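All of the numbers you see were taken from the coordinates with simple rules; none came from a lab. This is a predicted model, so every value here is computed, not measured. Using ideal geometry, Cβ is built from the backbone for each residue, glycine included, and neighbour counts are taken over all protein chains shown.
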Amino acid sequence: MIKFLDFEPMHIQISDEMKNAFQRVYDSHWYIQGKELDDFELEYAILNQTKNSVGVSNGLDALVLSLRALNIGVGDEVIVPSNTYIATALAVSHVGATPVFVEPRMETYNINPELIPVAITKKTKAIMPVHLYGQSCEMDAIMEIAKANNLYVVEDNAQAHLSSFNGKLTGSFGDINGTSFYPGKNLGALGDAGAITTNNEDLALKVKTLRNYGSSVKYYNDEIGYNNRLDELQAAFLRVKLNYLHEWTQQRKEIASWYNEALQMRNDLVLPHVHENADHVYHLYVVRTSNREKLQQELTEKGIQTMIHYPVPPHLQQAYKHLGFKKGDFPIAEEIANTCLSLPIWPGMDNTVIDQIINSSNG
Ligand SMILES: Cc1ncc(COP(=O)(O)O)c(C=O)c1O
């Protein structure tokens, strides 16, 4: 049995350090908004090459707080890709704004900058690029469009820690950006966790207030805030894992290149395509095939778990029925949803596992 994601090699590698981190927090008798969170925020900001990072409860909340900090709300529109994980669109809806879907490029699966200008209206306030599967969006073009139209940029960096475009890290382009440390992410906690990253001190402070009931001085509340804090235990665990992120990202890239090499002769499979100026950190290794169900079934029979990211694009979800879209409205997103299949990938996956998967998918 080969799991889609096997934490075991990573967790064996860091076991002692993680236990020490637990013990440190346990013995500190301080569990919310303490030293671990402060240190994690400093360390993550350094890793992400931004002036600030603010730890929050999860990736969705990071995006909601980012939009709140920019005062985006009712009556506003925010441009999002039509093939994203639904959390991107949900964040827009939660602040009362409307997500406006823009198709991705078929080659990279990332939002097509050429289609953004036609989606801009008087109500548009921001663009939310999603670095899907771990590949950076075309951030040069997106930043240019945003500047020309006086729009904010909020990157959804949930799947792309340490990815970059023209050498600049994702999560450091936008005015304020959100990321997720859901356990299966490239940098994952042992539960829910997330962060915002920004070079803007005022926005960082605003999120710090919003995540803590709208309060910066205990029992004085300046905003209608939330409880969206990142707890000390998760911060301490993330501090351990953060030190391994470069090594683990490198391993993901190596596994992807083994897959690429071994599957290149399969002309029924579309392999990942990386834009010439983008980096790909392979949060997911996604292939496409018109025989997706058959391939998935064959792999399942051979004990290999695969997943579909994602089977239904946001515009066809029940949750967005009120926007009135129908099948065929975003054909590229729909085609990706109907043909994509994610193969197992995780740091520590060894050659024998990879050979087994490759031999199975080669029939
Ligand atoms: C692209 C994207 N955005 C946002 C999220 C939301 O993150 P979380 O699950 O931590 O709320 C996720 C992950 O689940 C994601 O993949």
Next item on the list: Calculate, in nm to one decimal, what Asn150 and Lys218 gain on full extension: separation in residues at 0.36 nm each, minus their alpha carbon distance.
Entry: 20.9 nm
Next item on the list: Quick one: which residues, 5+ away or cross-chain, put their amide H under 5 Å from the amide H of Tyr285? H built at 1.01 Å from N.
Entry: Leu343
Next item on the list: Let me see the pair-distance distribution of the chain: every alpha carbon pair, 20 Å bin width, integer percents in order.
Entry: 30, 57, 13, 0
Notebook entry, point to check: Looking at segment 86-192, how many pairs of lysines come closer than 23 Å at the Cα, when each pair is eight or more places apart or spans two chains?
Noted result: 5
Check: Taking the Cα centre of segment 157-235 as the origin, how large is its charge dipole in debye, to the nearest 20, when only Lys and Arg (+1) and Asp and Glu (-1) carry charge on their Cβ atoms?
Finding: 140 debye
Check: Each residue of segment 281-294 in turn: what ³J(HN,Hα) in whole Hz from Karplus with 6.51, -1.76, 1.60 and θ = phi - 60°, glycine and Pro shown as x?
Finding: 9, 6, 4, 10, 9, 10, 10, 10, 7, 6, 9, 4, 4, 5
Margin query: Could you list Ser53, Ser164, Ser66 so that the one with the fewest beta carbons within 10 Å of its beta carbon is first and the one with the most is last?
Written below: Ser164, Ser53, Ser66
Next item on the list: Rounded to whole Hz and in sequence order, give me ³J(HN,Hα) for segment 164-180 from the Karplus expression 6.51 cos²θ - 1.76 cosθ + 1.60, θ = phi - 60°, writing x for Gly and Pro.
Entry: 8, 10, 6, x, 9, 5, 5, x, 10, 8, x, 4, 7, 9, x, 9, 10
Next item on the list: Name the residues whose placed amide hydrogens come within less than 5 Å of the amide hydrogen of Thr124, ignoring near sequence neighbours (fewer than 5 apart) on the same chain.
Entry: Glu77
Next item on the list: With label points built 7 Å along Cα→Cβ from the Cα atoms of Lys302 and Glu201, find their separation and express it in nm.
Entry: 5.7 nm
Check: Put a dot 7 Å past each Cα toward the Cβ at Ala141 and Lys19; how far apart are the dots in nm?
Finding: 5.2 nm
Item checked: Pairwise FRET efficiency - Asn227 versus His275, Cβ, R0 = 30 Å, nearest 0.05 -> 0.15
Note to self: What FRET efficiency comes out for Asn338 versus Leu42 if R0 is 41 angstrom and r is the Cβ-Cβ distance? Round to the nearest 0.05.
What the structure shows: 0.40
Next item on the list: Taking 7 Å along the Cα-to-C-beta vector as the label spot, tell me the Asp350-Lys321 distance in nanometres, rounded to one decimal.
Entry: 5.1 nm
Next item on the list: Report ³J(HN,Hα) in whole Hz for each residue of segment 6-13, in order, from the Karplus equation J = 6.51 cos²θ - 1.76 cosθ + 1.60 where θ = phi - 60°; Gly and Pro get x.
Entry: 10, 6, 3, x, 5, 6, 5, 4
Next item on the list: Please list the non-local residues whose amide H lies under 5 Å from the amide H of Ser164, H modeled 1.01 Å from N, same-chain partners needing a gap of 5 or more.
Entry: Ser136, Thr170, Asp279
Margin query: Can you compute the helix-only [θ] at 222 nm over the chain? Use -39500 (n - 2.57) per DSSP H run of at least 4 residues, normalise by all residues, nearest 500 deg cm²/dmol.
Written below: -11500 deg cm²/dmol
